[in-house]
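Only one structure is covered here, and it is reproduced in the block below.
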Amino acid sequence: MRCFIIGNGKSLTVEQLDLIQGKPSIACNRINKVYPFTKWRPTIYVHPEAYDFSIPFIQENIALGIECHLGEYYAEHPIGVLGIPDAPNIRWIKECHHWTCNFDTPDIPDEWHLPQLCSFGGAVNMAMQVAVKKGYDELILLGCDLEYRDNKPSHFTEDYEHGQEQPAFLAGRNALFGHIHALNWIRRKKKNVRVLNATPGGLLEIWERVDLEDVA
């Protein structure tokens with residue numbers, strides 16, 4: 001089964017999302033900023049990071065009835081304080097301690113540790129794990145540029161940034177190593193999971209590249 005994994009890089013466009021409308025997809029974080037311009041909506045929404053300023057984006061996806069996988073940080077705080085409703089479409093992510101790690105942290109594992117999701121490497125890495133746990137065996141990456149820049153827009157819309165990003169070097173390295181951990185898990189566990197990169201351009205080269213038109 002094929003699933004599209006949507007990153008929020010600068011290469012992501014409305015035209016790409018229109019092309020995959022109605023097909024299984026998992027998106028994350030502030031993807032809502034593209035909703036006014038496309039009929040596409042993700043099948044699953046993932047938001048593992050504990051950032052209070054993202055609550056309106058979480059609320060919108062819950063209200064749309066999208067299956068929302070949220071970091072347990074939100075479950076551990078009073079619902080009324082955070083303004084997140086107790087809804088049947090919420091799935092709480094039990095986060096491991098690796099969310100505090102960087103790519104060069106000495107004790108970080110070098111592969112996923114499913115069935116528990118590994119929280120290292122950012123939301124796209126966790127979206128890939130959610131897809132695998134759902135039974136998808138072909139993951140198509142889109143908008144996974146890995147071209148982070150300090151104090152400059154690094155996402156599909158210039159108003160995406162919120163002023164609390166990681167330094168660009170760390171964000172890029174952590175995301176890349178998250179993909180390396182995915183590759184290691186697939187190879188070592190001999191899993192029949194195929195990952196393809198349909199992102200136009202960008203710096204992610206460890207997966208086979210394909211044209212979106214050929215796989216949409």
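So the values come out like this:
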| quantity | calculated |
| --- | --- |
| Single residue of the range 18-39 satisfying the filter (assigned to a helix (DSSP H, G or I) and free of Cβ contacts under 8 Å to residues at least 60 places away in the same chain) that is nearest to the chain's Cα centre (by Cα) | 31 |
| Those residues of the range 155-180 which are assigned to a loop (DSSP other than H, G, I, E, B) and at pLDDT below 90, in sequence order | 158, 159, 160, 161, 162, 163, 164, 165, 166, 167 |
| Candidate set: the range 43-61, residues that are touching a Leu at 6+ places or on another chain (Cβ under 9 Å) and crowded, with 19+ Cβ neighbours inside 10 Å; chosen: the one modelled with the lowest pLDDT | 48 |
| Where residue 213 falls short, out of the listed (1) touching a Lys or Arg at 6+ places or on another chain (Cβ under 9 Å); (2) part of a helix (DSSP H, G or I); (3) of a type in the set (D, E, K, R) | (1) |
| Scope the range 184-209; condition open to solvent by less than 30 Å² (accessible area, probe 1.4 Å) and part of a loop (DSSP other than H, G, I, E, B); matching residues | 193, 198, 199, 202, 204, 207 |
| Positions within the range 144-160 being in contact with a helix residue (DSSP H, G or I) (Cβ under 6 Å, 6 or more places away or on another chain), under 16 Å from residue 29 (Cβ atoms) and charged (D, E, K, R), in sequence order | none |
| The range 131-158: number of residues that are closer than 27 Å to residue 185 by Cβ and more than 16 Å from the chain's Cα centre (by Cα) | 2 |
| Residue within the range 75-83 that is open to solvent by 50 Å² or more (accessible area, probe 1.4 Å), at pLDDT below 85 and within 22 Å of residue 42 (Cβ to Cβ) present | no |
| Inter-residue pairs, beta-carbon under 6 Å, first among the polar types (S, T, N, Q) and at pLDDT 90 or above and in the range 88-102, second assigned to a loop (DSSP other than H, G, I, E, B) and open to solvent by less than 90 Å² (accessible area, probe 1.4 Å), 6+ apart | 89/65 |
| Residue selected from the range 88-101 under the condition in a loop (DSSP other than H, G, I, E, B) and open to solvent by 40 Å² or more (accessible area, probe 1.4 Å), by the criterion nearest to residue 59 (Cα to Cα) | 88 |
| Residues of the range 13-31 classified as open to solvent by 10 Å² or more (accessible area, probe 1.4 Å) and at negative phi, total | 10 |
| Residue count for the range 116-132, restricted to those that are within 16 Å of residue 44 (Cα to Cα) and open to solvent by less than 10 Å² (accessible area, probe 1.4 Å) | 8 |
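The values are calculated or read from the model by the stated rules, or taken from the named source; none is laboratory data. None of these values were measured; they are calculated from a predicted model. FYI the Cβ positions are ideal-geometry reconstructions off the backbone, even for glycines, and counts take in every protein chain you see. To get the accessible areas, we keep the full protein, side chains included, count just its heavy atoms, and leave off ligands, DNA and RNA. Shrake-Rupley method; radii C 1.70, N 1.55, O 1.52, S 1.80 Å.
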